[in-house]
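Here's the structure we're looking at; comments come further down.
The values are calculated or read from the model by the stated rules, or taken from the named source; none is laboratory data. Please read these numbers as outputs of a predicted model, since none were measured by experiment. Here the Cβ positions follow ideal geometry from the backbone for every residue, glycine too, while neighbour counts run over all protein chains shown.
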Amino acid sequence: MKAYFTFFKIRFINGLQYRAAAYAGVATQFAWGFMTILMFSAFYKSNPENFPMTFENLTTYIWLQQSFLALFMAWFFDNEIFDSISSGNVAYELCRPTGLYEMWFVRSLSSRIYRVVLRCSPILIVAAFLPAPYGISLPVDIMAFFLFILSLALGSFLMVSINMLIYASTFYTISPMGIRILSVSIFELFSGAIIPLPFLPDNVHRIFNLLPFASTQNTPFLIYNGYLSGKSVFHALLLQIAWLFTFVLFGKLLFRDALKKVVVQGG
Amino acid sequence: MKLWLKYADIMLRSQMQYKTSFILTAIGQFLVSFSVFIGIYFMFARFNNVEGFKFSEVLICFSVLLTSFSIAECFFRGFDTFGGIISNGEFDRIMVRPRNEVLQVLGSRIEFTRIGRFLQAIIVLAYAIPNSGIVWTADKIVTLCLMIIGGTFLFAGLFIIYAGICFFTIEGLEFMNIFTDGGKEFGKYPLSIYGEGILKFFTFIIPLALIQYYPLLYLLGRTDNPLYMILPVFGILFILPSYIFWRFGVKHYKSTGS
């Protein structure tokens, strides 16, 4: 356990070096979030009664999405992991007295978290000072805030555990590009990255909600802005836990199977 | 031109080495833009119209932009990895060759997998053209073609500027993405919906509205001003200042020495 924690710390501190890149990223995300809000505001003006949540709820959702983008961005993968599989360096990793799945899990998680640590506070602070309907509002109550944190943690674990399946698939295909981009396209739609899931037609929304993708970013953000409350919060959290459990189990099985047959390509 | 075809040939053959991956990537490209399309569809299922634009009208906008973006991306994405070319010293090698350096950078990466996105754009366009309620007279067809050509050149220009900035910063600037990928992302709706300020910005600074919003008004018959029809030509001209900026960058180029 301690070994994994140390591993996490190394990656984390290493990542904090890239501060300038992070600030450029903040500016981009800010502009991006701003444009998205303007787009929704155009829809809001055209037809306010069809808006599934209040406008403040939406802007809060968008800013949270931009601040925590690094946790949930589907197109982000650790290229070193892909390289170590296709170049055969994975053999060295297997020599270590640590589980491969656990080590890569920690590694992917830490590289997502350091990005968020660098990026989220400037976005959140600026968004907090924007005038009323355009800024981010406080969570509905203190309880919602804690549940949000819990759900955010579960969501990012789930995100990484789904990524692990993509890494595992590289053992079988060697060139990961195709599967990567397929997973990205599925994620973007189903997780609410393109439009927040409550904006979908009701019956589609109900189905999407049950899929694992909704449990990544959609759930925590909706808990924060109060769209989910009372009993439905606990249902959503349980669903997150269930999916997390399923994906970790499946990922571990896949890794075990892949490692049984792994062929190190020379080098 | 012959040299470029040679490059294209090599690229095509090397990408064909991993056939499954190539096909999956192309399908993925298709699906990525398909999910954007689904997003638009669901938004209109809920809201019906946005600032007076109907679904089919927005689709024209979306598909024109996507078509030009995918063409530009297929041929000009070489500039996207330009930061890498500079920092590993590859550009020094390019400079000493007796050929145009733009051509060589172009040839360094040609993404045939963008065919997926292109296909998507064409399908949506084919759907939108008969369903938009536009009477397709000769002038409107010309306008549509101008929009696509203008858009292609505009995005190409943006990619070139993106690379030109690398001469000064070594690394690619993530912020430029807001104009390239962001232009594609937010240009799916007519730019007027974002409000006056944004529309002005995309008219006078990054002339995206010239190939999108204004000619669209002409297509939809909301204006008879023939000026709006030829505005995309200025989108084509955008490549000139981009190229000048690039030349300026090349002059100031200092090798990283590695």
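Quick notes on this structure:
- The criterion of at least 3 residues that are crowded, with 21+ Cβ neighbours inside 10 Å and out of contact with any Leu (no Cβ under 8 Å at 6 or more places or on another chain) is met, among helices (runs of 4 or more DSSP H) falling completely within region A:77-162, by A:100-129.
- The residues in region A:31-75 that are surrounded by fewer than 17 Cβ atoms within 10 Å (Cβ to Cβ) and closer than 22 Å to A:L158 by Cβ can be counted, and the count is 1.
- Qualifying residue in region A:172-182 (condition: surrounded by 19 or more Cβ atoms within 10 Å (Cβ to Cβ), more than 9 Å from chain B (Cβ to nearest Cβ) and in contact (Cβ under 8 Å) with a residue 60 or more places away in the chain): no
- Top-ranked residue of region B:186-214 - restricted to ones that are β-branched (V, I, T) and assigned to a helix (DSSP H, G or I), ranked as farthest from the other protein chains (Cβ to nearest Cβ): B:I211
- Screening the candidates A:L16, A:L94, A:L71, A:L100 for the property of being in contact with a Gly (Cβ under 8 Å, 6 or more places away or on another chain), in contact (Cβ under 8 Å) with a residue 12 or more places away in the chain and away from every other protein chain (no Cβ under 14 Å) yields one hit, A:L71.
- Test: residue in region B:161-175 that is more than 14 Å from every other protein chain (Cβ to nearest Cβ), under 23 Å from B:E51 (Cβ atoms) and among the hydrophobic types (A, V, I, L, M, F, W, C): no
- Filter result (more than 7 Å from chain B (Cβ to nearest Cβ), small (G, A, S) and under 11 Å from A:R119 (Cβ atoms)) within region A:22-43: A:A22
- Breaking point among (1) in contact (Cβ under 8 Å) with a residue 60 or more places away in the chain; (2) within 24 Å of B:G133 (Cα to Cα), for B:A209: (1)
- Some residue of region A:148-161 being closer than 25 Å to B:V36 by Cβ, of a type in the set (S, T, N, Q) and within 14 Å of chain B (Cβ to nearest Cβ): no
- Residue match in region A:152-169 (condition: over 21 Å from A:V106 (Cα atoms) and touching a residue at least 40 places away in the same chain (Cβ under 8 Å)): no
- Within region B:75-112, considering residues that are of a type in the set (K, R) and not in a helix (DSSP H, G or I), the one farthest from the chain's Cα centre (by Cα): B:R97
- Output for region B:1-51, where each listed residue is acidic (D, E) and either in a loop (DSSP other than H, G, I, E, B) or surrounded by 13 or more Cβ atoms within 10 Å (Cβ to Cβ) (or both): B:E51
- Count of residues meeting criterion [more than 18 Å from B:I165 (Cβ to Cβ), among the aliphatic types (A, V, I, L, M) and surrounded by fewer than 12 Cβ atoms within 10 Å (Cβ to Cβ)] in region B:203-255: 1
- Residues satisfying the criterion are present in region B:119-131 (criterion: within 14 Å of chain A (Cβ to nearest Cβ) and buried (at least 19 other Cβ atoms within 10 Å of the Cβ)).
- Flag if A:F77 is modelled with pLDDT of 85 or more and not charged (D, E, K, R): no
- All conditions in (1) in contact (Cβ under 8 Å) with a residue 12 or more places away in the chain; (2) among the charged types (D, E, K, R); (3) out of contact with any Cys (no Cβ under 9 Å at 6 or more places or on another chain); (4) farther than 19 Å from B:S242 by Cβ hold for B:R109, with the sole exception of (4).
- Only one entry of B:I149, B:I161, B:I134, B:I115 meets the criterion of being on the phi < 0 side of the Ramachandran plot and not in a helix (DSSP H, G or I), and that entry is B:I134.
- Close pairs from region A:183-208: first of a type in the set (K, R), partner part of a helix (DSSP H, G or I), Cβ under 9 Å, at least 6 apart: none
- Restricting region B:38-66 to residues that are aromatic (F, W, Y) and more than 10 Å from every other protein chain (Cβ to nearest Cβ), the residue that is farthest from B:F155 (Cα to Cα): B:F55
- Residue count for region B:54-74 under the criterion of being crowded, with 21+ Cβ neighbours inside 10 Å and either over 12 Å from the mean Cα position of the chain (by Cα) or aromatic (F, W, Y) (or both): the result is 7.
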